1. With 25 Å as the limit, write out which pairs from Lys45/Lys213; Lys70/Lys100; Lys131/Lys165; Lys43/Lys213; Lys100/Lys122; Lys185/Lys213 have Cα-Cα distances beyond it, or answer none.
2. At 25 °C and 0.890 mPa s, grab the translational diffusion coefficient of segment 80-192 from Stokes-Einstein with a Kirkwood Rh over Cα pairs, rounded to a whole number in µm² per second.
3. Can you give the FRET efficiency for Arg187 and Leu76, using 1/(1 + (r/R0)^6), R0 = 41 Å, r = Cβ-Cβ distance, to the nearest 0.05?
4. Determine the per residue accessible area of segment 194-274 with all protein chains present and a 1.4 angstrom probe, expressed in square angstrom.
5. Could you give the distance between the Cα centres of segment 172-188 and segment 211-254, to the whole Å?
6. Give me the base-10 log of I(q)/I(0) for segment 159-282 at each q in 0.12 Å⁻¹, Debye formula, one uniform scatterer per Cα, rounded to two decimals.
7. At a 1.4 Å probe radius, carbon and sulfur cover how many percent of the accessible area of segment 144-285?
8. If r is the Cβ-Cβ distance from Phe47 to Asn121 and R0 is 30 Å, what FRET efficiency results, to the nearest 0.05?
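The values are calculated or read from the model by the stated rules, or taken from the named source; none is laboratory data. What you are looking at is a predicted structure, and each value in this text was computed from that prediction instead of being measured. Please note: Cβ atoms are built from the backbone with ideal geometry, for glycine as well, and neighbour counts cover all protein chains shown. Quick note on the areas: whole protein, heavy atoms, side chains included, nothing else; ligands and nucleic acids left out. Shrake-Rupley method; radii C 1.70, N 1.55, O 1.52, S 1.80 Å.
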Amino acid sequence: MWRSCLRLRDPGRRLLNRPAGGPTASVGPGPTHPAPLSRCYFKLKRFYQNVSITQGEGGFEINLDHRKLKTPQAKLFTVPSEALAIAVATEWDSQQDTIKYYTMHLTTLCNTSLDNPTQRNKDQLIQAAVKFLDTDTICYRVEEPETLVELQKNEWDPIIAWAEKRYSMEIGSSTSIMGPSIPAKTREVLVNHLASYNMWALQGIEFIVTQLKSMVLTLGLIDLHLTVEQAVLLSRLEEEYQIQKWGNIEWAHDYELQELRARTAAGALFVHLCSESATVKHKLL
C-alpha cells in the first residue's frame with residue numbers, strides 16, 4: 001500500500017522498474033568538480049569550423065580545423081580509444097556560435113585524466129572513492145515523517161541488498177548522524193574491485209560518486225543495474241519527496257535535475273569507454 005502511494009507520480013520524475021541486469025588550440029574545461037553558477041556563464045566565441053580526429057603515437061587526437069586540441073596545462077589532448085575520441089569530438093562539433101564549456105563533461109574528464117591536477121596516483125583515487133561509503137546518501141535514513149521513512153526503505157533497501165549480494169559485502173543503513181559502521185572487509189572488497197579499473201576510469205567513477213553522493217548508486221550505474229534516470233532520482237529521493245509534497249520552484253528544480261542527469265550520464269559513458277578496448281567499425285562505401 002505504502003509503495004503505491006509513495007511512488008513519484010509525475011511522469012518526468014517516475015522511479016521506473018529497475019532492469020535485471022601541429023598548431024595547437026589550448027582550450028577546454030578544467031577540473032571535474034561541479035562548477036558554481038558563476039562559472040556556468042563562461043563562454044567563448046566558436047573559432048573553428050570543422051572537428052576531426054587523428055591517430056597519433058599516444059592515442060587519438062582532436063583537431064579543431066588544423067589546430068590540435070590541448071589541455072589546460074598545455075599537454076596534447078590524446079585519448080586512449082577511438083570511441084572516446086569520437087564522443088569528445090561530438091561535444092566540440094555540437095557547440096554553436098559560442099563554446100559552452102559547462103556542457104562539455106567528457107572533455108573535462110579527459111583534461112582531468114591527462115593533467116591530473118591533484119597529482120594523485122591510482123591507490124589514492126581508489127581510497128578517495130571508497131571513503132564515500134562513510135557518507136553514502138542511501139545509507140543515511142530519517143526517522144520521520146513516516147511516509148519518507150517508508151519511501152527510503154522501499155526505494156533504497158533493494159539497491160543496498162543488490163550491492164551486498166553482487167559484491168559479497170555488508171553495507172547496511174542507519175538513522176544515526178554518524179551513519180552505518182562499514183566493516184573493514186567491505187572496504188577491502190571495494191578496493192580490490194576498483195583496482196581492476198585503470199586511472200582514466202577511476203577518474204570517471206569519482207566524478208559519478210561526486211554527482212550522486214553515493215558509492216552504492218555508482219556501482220549500480222556502472223554495473224548496468226540502474227539507468228542514469230533511476231540513479232539520479234534515487235540520489236535525490238528526499239528532494240523529490242519534498243517537491244511532490246510542496247511543489248517545485250519554477251524552472252530551477254527541473255534545470256538542476258537535467259544538469260545532474262547530463263553530468264551523471266557523461267561520467268557513466270566515460271567509465272565504460274575507458275574500461276573497454278573500444279573500437280569503431282567503419283562502413284565500407
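1. From the list (Lys45/Lys213; Lys70/Lys100; Lys131/Lys165; Lys43/Lys213; Lys100/Lys122; Lys185/Lys213), the Cα-Cα distance tops 25 Å for Lys45/Lys213; Lys43/Lys213; Lys100/Lys122.
2. 140
3. With a Förster radius of 41 Å, E is 0.65.
4. Result: 38 Å² of accessible area for each residue.
5. For segment 172-188 versus segment 211-254, the Cα centre distance is 22 Å.
6. For segment 159-282 at q = 0.12 Å⁻¹, log10 I(q)/I(0) is -0.53.
7. 56
8. Rounded to the nearest 0.05, the efficiency is 0.25.
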